[in-house]
Amino acid sequence: MRRALKFLALVVLILLFVALIIAAFLIYWEAETSTYQAHRLARLAGELNWEVKSGPSDDPHFPQSGPYDVRLGYSRLPEMLHNLVIHGFQVQAQARASARMKELVAHGLFVPYHEKTQAGLEIAASGGRPLYRAIFPGRVYKNFEAVPSLVADSLLFIENRELLDPIHSKKNPAIEWDRLGRAILDKIIQVFRPEHGVVGGSTLATQIEKYRHSPNGLTITPEDKLQQVASASVRAYLDGKETMPARKRIVVDYLNTVPLAGAAGFGEANGLGDGLWVWYGLDFDETNRILSSRFVDGDGLIEGARLYKHVLSLIIAQRRPSYYLLAGRKALEELTDSHLRVLAQAGVIPDSLRDAALEIPLRFRDTAPPEEPRNFSAKKAVNAVRMQLASLLGLKRMYDLDRLDLSVQSTLDADLQQKTTDVLRQLKNPEHANAAGLYGPRMLDTEDPSKIVYSFMLSELTPEGAKFRIQADNFDQPLDINKGTKLDLGSTAKLRTLVTYLEIVEALHGKYAALDKKSLLKQEVDPSDMLSRWAIGYLSQSTDKSLATMLDAALERNYSANPDERFFTGGGAHVFHNFKREDDRKFLSVREATLKSVNLVYIRLMRDIVRHYMFHIAGSSARILKDAGDPDREGYLRRFADKEGKQFINRFYLKYKGKTATPDMIGKVFFSSFRHTPRRLAAAYRYIYPESTFGEFEKFMRPYRSVFKRLTPDFLQDLYESYGPGKYSLADQGYIVTVHPLELWLVRYLITHPGAQYADVIQASTDERVAVYHWLFKTKYKNSQDSRIRGLLEIEAFLEIHRSWKRLGYPFDSLVPSLATAIGSSADHPAALAGLMGIILNDGVRVPAVLIEHLHFAAGTPFEAIVERPPVQGERIFSPELAAAVRGVLTDVVATGTASRLARAMVEERAMVEEDGNVEEDSNEILIGGKTGTGDHRYITFSSPGVVKESRAVNRSATFVFFIGDRFFGTMTAFVPGADAANYKFTSALSTQVVKHLLPILKPLTDKAQPLPEQAEQAKRASQKKVVKEALPKAKRKHGNSS
């Protein structure tokens, strides 16, 4: 029995030993060949896929946030898609990962797919023509065969010697067992001997996983390393069991994408190609050509050794790139020399190459990489796309935007964009300017055309919005004239004033049109409110009370163009002049004044608008003045201040809300809200900063010395003392600065209470709200009282006018409270005027301005998403009748007014088939309408009697805002900045002539445009009515014959 047990035990031991040997052999075999891994992982790869389907995906986003995922935008994709949806875009299609892929990622693996070596922002025109491409890295090996064997062999010897072992075709490249074993043994020894160095155990495959997908590109824990190995293993078998192609791809990917720190003037350098250029100034293609050739001795050997040493240094520097390539360059040189000796000893490089390379020092680039020559005028539209795209995606840097894996289709017409830019650039040449007809009355004479900046915008109304087709200029600087400047655009302000006037008429129509004559005559209207009085009178007499008829009648109201009257506005008495003296003694209708751009008519029209708002806005002081004799006015005043004063506080609070990050931002916004004089600046500053020293006040006023030359130290001291704390009441300070006193108070309060909320502001302003209005009843002298009252009423009215203009797209936070705003004193943006023209052309409906219509994120990856802008309904801003009335005036401006050089300038040729079958040519005029404006921005200094002491030019501009047909609208601006403006006398005739010169270029675009759906429907109905009308007489004749 014992023998049997011993024998059985021996058999078991032998079997266990054999099993152990077999297991050890299988483990060894698997480690050498990866046969089992190849079988299982290749099968797994068949389940790892994704599909792009319509609509947004409901799947959770893959939680990867490594440097690669952040740089290409994959980790931020949900946030960017959310921002786009907020701005009116829709996710049309998005990738859906397979269940197996989601399962692997849920278990901690990185998303398994073939990753891109290069990516970056690509922008195309509406037809697909490329406009811009940013590709990173910029210098790469296309395939393994392009890598010089010297470079590949050196890399593999240092980092991954067994990677390209040809014996085992199924080998897993993620693990090199002997290297890993050495690393583990070294780590154990280091526990007992801390000075012992540890050789890295990572293969190239796991290093790629680490610097691409691990947080911050680092391995912190053993779990991180396991994650990298597992992810690299799965990725290696995506194409099947045979891994040699994948292993070669790993070599190429590593060389193309290894991180090599960031350099000034370039940014993050990834890959050997960009690293050679950034750190050493070496040409990548030339370096590879030389290293691929046979250099034996002489100059060829020296040059080859020089290039090879620099390549080798980057292969080594990847271990600590930020140290070796910046502060540790000496250590890098020593380490490179050490590797040269080891590589030669191992036979990877010849001794001659080693010896030559040891004699050559590393030569780092001394300066930042040179930038490519910039043609700002040619790239202006592309930069506009990039800036809007960054805003839409919520990105703060163009650097981050350019590195996204994103292709964008803009709305720009590439061919017309290029042609228009070329034409505008040519206009700097006198010969081309002459050929374009730019010399003549009110244009150019002997002036230098090269100093004129021309900027042109054209948009097209489409179901998706107003698409920008052209954004071009000849200004070779990054500034965008259309949006980046606050320009005095002269009489184009009359267009905004005209719309405001007609909106008031429309509101009065809605208020009174339904009343009978008896009820109309009972309406109480202040004698100063001329617009309400006219509306009541018109409606009580007219038989046709339709809105369209009333708007036409409003355009026929007459005003005097007499320039002799002095107007109290903007805090003082002013006189205004017409452009043409022959208009001075005329009475002109609003329509005629718009056609001829007569200033005094619009000054008086704006006065009527201001007086109307004085009595029709909530919180207006005008109503309380009518009750000045009320014995209970003190209580009334307090109720008024408490209730109505809050409305002004609320307006100003909303103005500064969002700008309260720093007190400096609040001050910057406020000091840009009024027209500067030394007195106004001093009064505002001393109120807002009452504790400021004279030195601080002098520092504040210093930038204005170039504008106001009389700011001597003595004068500054006088201003500092004259407007010190307590010298004037809050109401007086507001009067001096020409801002509402409550705005002045609020700015001071927000600066001294940075965290204040709206409730805090209301509570703190109780006394000030009363004080601002209380002085109206305590002023000693009647004339002074009336002057102050008019000033405050005007400010309040312009707050309401600004609200109206802001609703129509006015770009700035305030208006100059002066009647001169009607003729351009408050400035504007050409782009904002174009937006108003788009509303007018689109029957009073505002649609989004569209520069980007299609975005394609991460094409060919599991992160893929396609985003587009869907058709929009638009926002009704004013009635179609009002829009039609304004369009009628604007077409008259072109037909017979200040833009008449464009009359019948564009004709659409059509072929018509007659009843007999003959084809005849017919032409149809394409209507053009617009408004001209000339701005001569000057700083003028007056003496105390009102005599001009100095008049200094700041800039000169001429603008034409226009529409063409029923689809296109835009602006043309001619602009001369700086002191050179004093040498030019051109008017808006110049800008209209440039538009005329561009029309042949634009004609193909206007000819191929299809009408909007609603326009096509209207045309169809009109055509049907015409057919019916033509058929009726025939029917009558036929009926008569039969009878």
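Okay, residues lined up against (1) in contact (Cβ under 8 Å) with a residue 24 or more places away in the chain; (2) in a loop (DSSP other than H, G, I, E, B); (3) of a type in the set (Ser, Thr, Tyr); (4) crowded, with 16+ Cβ neighbours inside 10 Å:
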{"position": "Gly726", "(1), (2), (3), (4)": "no, yes, no, no"}
{"position": "Ile751", "(1), (2), (3), (4)": "yes, no, no, yes"}
{"position": "Gly755", "(1), (2), (3), (4)": "no, yes, no, no"}
{"position": "Ala759", "(1), (2), (3), (4)": "no, no, no, no"}
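Those helices (runs of 4 or more DSSP H) of the range 56-154 in which 1 or more residues are among the polar types (S, T, N, Q), touching a helix residue (DSSP H, G or I) at 6+ places or on another chain (Cβ under 7 Å) and under 30 Å from Val850 (Cβ atoms) occupy 77-86. Being modelled with pLDDT of 95 or more and among the polar types (S, T, N, Q) is the filter here, so list the residues in the range 435-468 that pass it. Listed by number, the list holds a single entry, Ser459. For the range 673-688, taking the residues that are in contact (Cβ under 8 Å) with a residue 40 or more places away in the chain and not in a helix (DSSP H, G or I), the one that is nearest to the chain's Cα centre (by Cα) is identified as Ser673.
Every condition in (1) surrounded by fewer than 20 Cβ atoms within 10 Å (Cβ to Cβ); (2) touching a residue at least 12 places away in the same chain (Cβ under 8 Å); (3) within 39 Å of the chain's Cα centre (by Cα) holds for Asp239 except the one numbered (3). Among the conditions (1) closer than 25 Å to Arg887 by Cβ; (2) not in a loop (DSSP other than H, G, I, E, B), the only one that Asp980 does not satisfy is (1).
Candidates Leu487, Leu395, Leu412: the one that is over 26 Å from Val976 (Cβ atoms), of a type outside the set (Lys, Arg) and crowded, with 22+ Cβ neighbours inside 10 Å is Leu412. Applying a threshold of 8 Å to beta carbon distances and a minimum spacing of six or more residues, or different chains, the list of pairs starting in the range 836-855 at a residue that is part of a loop (DSSP other than H, G, I, E, B) and ending at one that is among the charged types (D, E, K, R) reads Gly844/Arg876; Val847/Glu875; Pro848/Arg869; Leu851/Lys467. Find the residue count for the range 296-326, including only residues that are outside any helix (DSSP H, G or I) and more than 18 Å from Val140 (Cβ to Cβ). Of the residues in the range 296-326, 4 are outside any helix (DSSP H, G or I) and more than 18 Å from Val140 (Cβ to Cβ).
Looking across Gln418, Gln409, one residue alone is more than 17 Å from the chain's Cα centre (by Cα) and either within 30 Å of Tyr68 (Cα to Cα) or not basic (Lys, Arg) (or both). It is Gln418. Within the range 720-737, the residues that satisfy the criterion of being touching a Pro at 6+ places or on another chain (Cβ under 6 Å) and either outside the structural domain of Thr677 (by TED's automatic domain parsing) or aliphatic (A, V, I, L, M) (or both) are Leu730, Ala731.
Of the helices (runs of 4 or more DSSP H) lying entirely inside the range 227-295, the ones with 2 or more residues being closer than 30 Å to Asn49 by Cα and touching a Pro at 6+ places or on another chain (Cβ under 8 Å) are found at 244-257. Scanning the range 583-601 for residues that are buried (at least 22 other Cβ atoms within 10 Å of the Cβ), polar (S, T, N, Q) and at negative phi returns Thr594, Asn599. Of the residues in the range 817-838, none is farther than 27 Å from Met606 by Cα, among the hydrophobic types (A, V, I, L, M, F, W, C), modelled with pLDDT of 95 or more and buried (at least 21 other Cβ atoms within 10 Å of the Cβ). Counting the residues of the range 416-443 that are in contact with a Pro (Cβ under 9 Å, 6 or more places away or on another chain) and either outside the structural domain of Gly933 (by TED's automatic domain parsing) or crowded, with 18+ Cβ neighbours inside 10 Å (or both) gives 4.
Among residues of the range 765-786 being modelled with pLDDT of 65 or more and surrounded by fewer than 15 Cβ atoms within 10 Å (Cβ to Cβ), the one that is nearest to the chain's Cα centre (by Cα) is Thr766. Inside the range 787-815, can you point out the residues that are surrounded by fewer than 19 Cβ atoms within 10 Å (Cβ to Cβ) and of a type in the set (A, V, I, L, M)? Across the range 787-815, the qualifying residue is only Ile789. Applying the criterion of being at pLDDT below 95 and among the acidic types (Asp, Glu) to the residues of the range 583-631, the residue that is farthest from the chain's Cα centre (by Cα) is Asp630. Applying a threshold of 7 Å to beta carbon distances and a minimum spacing of six or more residues, or different chains, the list of pairs starting in the range 425-451 at a residue that is acidic (Asp, Glu) and ending at one that is assigned to a helix (DSSP H, G or I) and modelled with pLDDT under 95 reads Glu447/Asn983.
The values are calculated or read from the model by the stated rules, or taken from the named source; none is laboratory data. This one's a predicted model, so the numbers in the text were calculated from it and none came from an experiment. Virtual Cβ from ideal backbone geometry, glycine too; neighbours counted across all protein chains shown.
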